[in-house]
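Okay, structure first, notes after.
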Amino acid sequence: MTIQITDRQLEIIQAAGKILSISGVHGLTIKNLAKEMKFSESAIYRHFRSKEQILVSMLEYVASQMEQRYSNAVDNDKSTEENFKSLFENQFAFFNEHPYFAVAIFSDGLLAESEKINHTILKIMAVKMKYLMPIIMEGQQNGIFTNEITTEEIVHIVMAALRLQMFKWRMANFEFDIVRHGNNIIQSLLTILKTKK
């Protein structure tokens with residue numbers, strides 16, 4: 001999954017993410033975006049038809065980046081545990097560098113914006129599940145992870161725990177070390193998931 005995006009569109013998307021971080025979805029207007037970028041509103045409209053298109057493009061860009069990063073993070077030569085860690089260490093490092101993208105993904109306000117936005121958020125979840133599900137299944141088949149609960153339930157628990165961590169980081173205005181806290185959560189999840197010998 002790759003999307004075609006110009007350098008200027010990426011600049012606009014990043015500026016939109018920064019506005020989302022500060023002012024939320026209602027503060028993200030074409031007028032505010034033009035002001036942030038020191039553009040005219042018509043200059044923004046040359047690149048995007050609407051606020052919705054900016055948000056959809058932002059989410060599609062994040063999904064595309066996630067797909068690339070996850071495909072590079074997962075390696076058949078690594079152990080199940082290493083792949084599990086790589087997947088999420090990669091995610092925390094990306095969001096640490098681009099916190100405004102975390103706001104876009106974890107903003108409940110976006111869900112009410114449009115069906116297209118909801119659909120694109122589901123795409124991001126699908127990318128995560130595409131890479132996480134086989135790792136969990138492999139771990140269960142090899143007796144590394146518990147079989148007491150289903151693969152799907154484990155995936156939901158893991159994704160919910162990580163979402164909560166990201167939400168707490170956002171509520172703290174990104175002021176704590178998400179990489180360190182994220183790695184602690186990854187280690188805790190592995191402790192819970194691993195079968196007791």
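From 83, 147, 96, 90, grab the single residue that is part of a loop (DSSP other than H, G, I, E, B) and either among the hydroxyl-bearing types (Ser, Thr, Tyr) or on the phi < 0 side of the Ramachandran plot (or both).
Just one listed residue meets the conditions, 147.
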**OP:** For segment 1-13, enumerate the residues that are crowded, with 16+ Cβ neighbours inside 10 Å and β-branched (Val, Ile, Thr).
**Re:** 5, 12, 13
Subject >> Residues that are more than 29 Å from residue 126 (Cα to Cα) and open to solvent by less than 60 Å² (accessible area, probe 1.4 Å), drawn from segment 19-31 >> reply: 30
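Any idea how many residues of segment 157-177 are β-branched (Val, Ile, Thr) and surrounded by 16 or more Cβ atoms within 10 Å (Cβ to Cβ)?
Looking only at segment 157-177, we keep the residues that are β-branched (Val, Ile, Thr), and these are 157-158.
If we keep only those that are surrounded by 16 or more Cβ atoms within 10 Å (Cβ to Cβ) as well, we get 158.
Matching residues across segment 157-177 total 1.
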**OP:** Considering every residue within segment 161-170, establish whether at least one is without any contact (Cβ under 8 Å) to a residue 60 or more places away in the chain, in a helix (DSSP H, G or I) and of a type in the set (A, V, I, L, M, F, W, C).
**Re:** yes
**OP:** Please state which of the following conditions residue 59 fails to meet, knowing it meets all the rest: (1) farther than 27 Å from residue 173 by Cβ; (2) touching a residue at least 40 places away in the same chain (Cβ under 8 Å).
**Re:** (1)
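Tell me whether segment 90-110 contains one or more residues that are in contact with a helix residue (DSSP H, G or I) (Cβ under 7 Å, 6 or more places away or on another chain) and farther than 22 Å from residue 13 by Cβ.
No; the residues of segment 90-110 include none that is in contact with a helix residue (DSSP H, G or I) (Cβ under 7 Å, 6 or more places away or on another chain) and farther than 22 Å from residue 13 by Cβ.
If you go through segment 68-104 one residue at a time, how many are charged (D, E, K, R) and either buried (at least 20 other Cβ atoms within 10 Å of the Cβ) or within 20 Å of residue 18 (Cβ to Cβ) (or both)? Talk me through it step by step, then tell me what you get.
Keep residues of segment 68-104 that are charged (D, E, K, R), which gives 69, 75, 77-78, 81-82, 85, 89, 97.
If we keep only those that are either buried (at least 20 other Cβ atoms within 10 Å of the Cβ) or within 20 Å of residue 18 (Cβ to Cβ) (or both) too, we end up with 97.
Total meeting the criteria: 1.
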**OP:** Kindly provide the set of residues from segment 180-193 that are surrounded by 14 or more Cβ atoms within 10 Å (Cβ to Cβ) and either hydrophobic (A, V, I, L, M, F, W, C) or out of contact with any Phe, Trp or Tyr (no Cβ under 9 Å at 6 or more places or on another chain) (or both), ordered by number.
**Re:** 185, 186, 189, 190, 193
Subject >> Residue, nearest to residue 122 (Cα to Cα), within segment 66-107, restricted to residues that are of a type in the set (A, V, I, L, M) and more than 10 Å from the chain's Cα centre (by Cα) >> reply: 87
Subject >> Options 34, 16, 63; residue that is open to solvent by less than 10 Å² (accessible area, probe 1.4 Å), more than 18 Å from residue 121 (Cβ to Cβ) and not charged (D, E, K, R) >> reply: 34
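With the requirement that a residue be in a helix (DSSP H, G or I) and over 15 Å from the mean Cα position of the chain (by Cα), what does segment 129-144 give you? Before you say what the answer is, go through the steps one by one.
We begin by selecting, within segment 129-144, every residue in a helix (DSSP H, G or I); these are 129-141.
133, 134, 135, 136, 137, 138, 139, 140, 141 - these are the residues of segment 129-144 that are in a helix (DSSP H, G or I) and over 15 Å from the mean Cα position of the chain (by Cα).
For the condition free of Cβ contacts under 8 Å to residues at least 12 places away in the same chain and open to solvent by 30 Å² or more (accessible area, probe 1.4 Å), what is the one hit in 196, 116? It would help to see each step written out before you state the result.
Working: 116 fails: free of Cβ contacts under 8 Å to residues at least 12 places away in the same chain.
After applying the criteria, what remains is 196.
The values are calculated or read from the model by the stated rules, or taken from the named source; none is laboratory data. Since the structure is predicted, the reported quantities are computational estimates derived from the model, not experimental observations. Glycine also receives a Cβ, built like all others from the backbone with ideal geometry; neighbour counts cover every protein chain displayed. For accessibility, only protein heavy atoms count, side chains too; no ligands or nucleic acids. Shrake-Rupley method; radii C 1.70, N 1.55, O 1.52, S 1.80 Å.
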